[in-house]
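Just below is one structure, and these are the notes that go with it.
The values are calculated or read from the model by the stated rules, or taken from the named source; none is laboratory data. The model shown is predicted, which means the values in this text are computed figures rather than measured ones. Cβ: placed from backbone, ideal geometry, glycine included. Neighbour counts: every protein chain shown. Remember, those area values only see protein heavy atoms, side chains included, never the ligands or the DNA or RNA. Shrake-Rupley method; radii C 1.70, N 1.55, O 1.52, S 1.80 Å.
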Amino acid sequence: MKVKEFAEKLELKRLTGESGLDKEITGVYACDLLSWVMSHAVKGNIWITVITNINIVAVAVLTEVSCIIVPEGLKVENVTIKKAQQQGIAILSSSMDTYGICCRAYTLLGK
Amino acid sequence: MSGKVIKLHFTIDAHDFSLAGEASSSTKKMLNQLGISPLIIKKAAIAMYEAEINAFIHANGGEADVEIGVDRIVITVRDEGPGIADLDLAMQEGYSTAPDKVRELGFGAGMGLPNMKRYSDRLEIKTEVGRGTTVTMTVYVREG
Ligand SMILES: Nc1ncnc2c1ncn2[C@@H]1O[C@H](COP(=O)(O)OP(=O)(O)O)[C@@H](O)[C@H]1O
Ligand SMILES: [Mg+2]
């Protein structure tokens with residue numbers, strides 16, 4: 001499934017507009033420690049995190065995750081959004097918490 | 001190192017927070033362009049990212065040099081920060097002196113040095129309290 005379809009199904013807010021919606025999803029990874037994400041996230045994973053500062057963009061580029069989802073309606077700084085757009089990364093926002101997003105992802109993507 | 005060597009140089013500017021991770025991102029792009037295998041790129045990118053972030057958060061910035069040869073990638077990150085008093089302790093997973101302010105940004109898991117060791121084929125650290133730290137990481141490039 002592509003990021004775009006996933007975003008539509010979960011009614012995620014596209015904070016970065018059209019940026020990065022075409023990437024293929026391979027699974028889900030949820031974690032807020034950047035070092036941990038760097039070494040464990042897999043290319044194509046959806047990355048769910050409550051960290052919203054600009055450094056998440058570099059981590060997303062380096063790990064080649066398919067998109068970033070911020071849970072619980074968190075606000076994301078403008079500089080982060082601008083940088084993500086430059087790098088072709090989608091940042092999506094959900095009103096659900098991380099568990100809720102994972103449950104929905106499971107029904108859509110399987111294990 | 002034989003054959004053509006590509007050299008990259010970066011300044012790690014600790015004043016501009018938006019640039020943290022830029023040197024490793026640029027290096028990764030170059031390695032991609034050179035057609036190096038994704039696994040090797042992943043190793044080099046993780047190791048370099050951690051060293052870059054350490055110079056950023058612990059040492060007020062520094063410099064990075066990357067040499068990409070036919071058989072190896074050599075990454076050197078150097079700073080003139082406080083140095084590391086007890087390197088064995090610093091190498092332990094989970095050990096971190098990062099202040100809360102830095103942790104709230106997602107750093108300070110105490111996994112940087114362990115990640116550098118795990119993902120590089122050779123890790124050399126020269127550090128002196130009050131003078132700075134130089135980390136040299138080698139990742140071998142195997143064909144196919
Ligand atoms: N370049 C450096 N200059 C000074 N101290 C460093 C440097 N790199 C690492 N350290 C010290 O080693 C500790 C462990 O580093 P690391 O494993 O990367 O974890 P973290 O960066 O999450 O604290 C740091 O908390 C810091 O005290
Ligand atoms: Mg570190």
So the helices (runs of 4 or more DSSP H) completely within the stretch B:1-112 holding 1 or more residues that are hydroxyl-bearing (Ser, Thr, Tyr), out of contact with any strand residue (DSSP E or B) (no Cβ under 7 Å at 6 or more places or on another chain) and open to solvent by less than 20 Å² (accessible area, probe 1.4 Å) are B:22-33, B:38-58
Of residues in the stretch A:68-90 being in a helix (DSSP H, G or I) and among the charged types (D, E, K, R), the one most open to solvent (accessible area, probe 1.4 Å): A:Lys82
Is at least one residue of the stretch B:125-132 open to solvent by 20 Å² or more (accessible area, probe 1.4 Å), more than 14 Å from ligand 2 (Cβ to nearest atom) and polar (S, T, N, Q)? no
Could you give every pair whose Cβ atoms fall below 8 Å, whose first residue belongs to the stretch B:74-102 and is within 15 Å of ligand 2 (Cβ to nearest atom), and whose second residue is open to solvent by less than 30 Å² (accessible area, probe 1.4 Å) and acidic (Asp, Glu), counting only separations of at least 6 or pairs across chains? B:Val77/B:Glu52
Condition check: among the small types (Gly, Ala, Ser), under 17 Å from the mean Cα position of the chain (by Cα) and within 14 Å of chain A (Cβ to nearest Cβ). Does B:Gly62 satisfy that? no
Hits in the stretch B:95-142 - residues which are more than 9 Å from ligand 1 (Cβ to nearest atom) and within 10 Å of another protein chain (Cβ to nearest Cβ): B:Glu104, B:Leu105, B:Gly106, B:Arg118, B:Tyr119
Sort out which residues of the stretch A:32-63 are open to solvent by 10 Å² or more (accessible area, probe 1.4 Å), within 21 Å of A:Leu109 (Cβ to Cβ) and in contact with a Lys or Arg (Cβ under 8 Å, 6 or more places away or on another chain), and write them in order of number. A:Thr63
For the stretch A:30-60, the count of residues that are in contact with a helix residue (DSSP H, G or I) (Cβ under 7 Å, 6 or more places away or on another chain) and more than 12 Å from every other protein chain (Cβ to nearest Cβ) equals 3
From A:Leu10, A:Leu74, residue being touching a helix residue (DSSP H, G or I) at 6+ places or on another chain (Cβ under 9 Å) and touching a residue at least 12 places away in the same chain (Cβ under 8 Å): A:Leu10
Does A:Asp22 satisfy the condition of being touching a Ser or Thr at 6+ places or on another chain (Cβ under 7 Å) and open to solvent by 30 Å² or more (accessible area, probe 1.4 Å)? no
Name the pairs whose Cβ atoms lie under 8 Å apart, with the first residue in the stretch B:103-115 and in contact (Cβ under 8 Å) with a residue 40 or more places away in the chain, the second more than 7 Å from ligand 1 (Cβ to nearest atom) and part of a loop (DSSP other than H, G, I, E, B), and 6 or more positions between them or separate chains? B:Gly108/B:Pro99; B:Met111/A:Leu33; B:Met111/B:Glu93; B:Met111/B:Gly94
All conditions in (1) in contact with a helix residue (DSSP H, G or I) (Cβ under 8 Å, 6 or more places away or on another chain); (2) surrounded by fewer than 18 Cβ atoms within 10 Å (Cβ to Cβ); (3) β-branched (Val, Ile, Thr) are true of A:Thr107 except (1)
Is there a residue in the stretch A:59-67 that is outside any helix (DSSP H, G or I) and under 13 Å from A:Ser19 (Cα atoms)? yes
Take A:Val59 and decide whether it is modelled with pLDDT of 95 or more, within 16 Å of ligand 2 (Cβ to nearest atom) and among the aliphatic types (A, V, I, L, M). yes
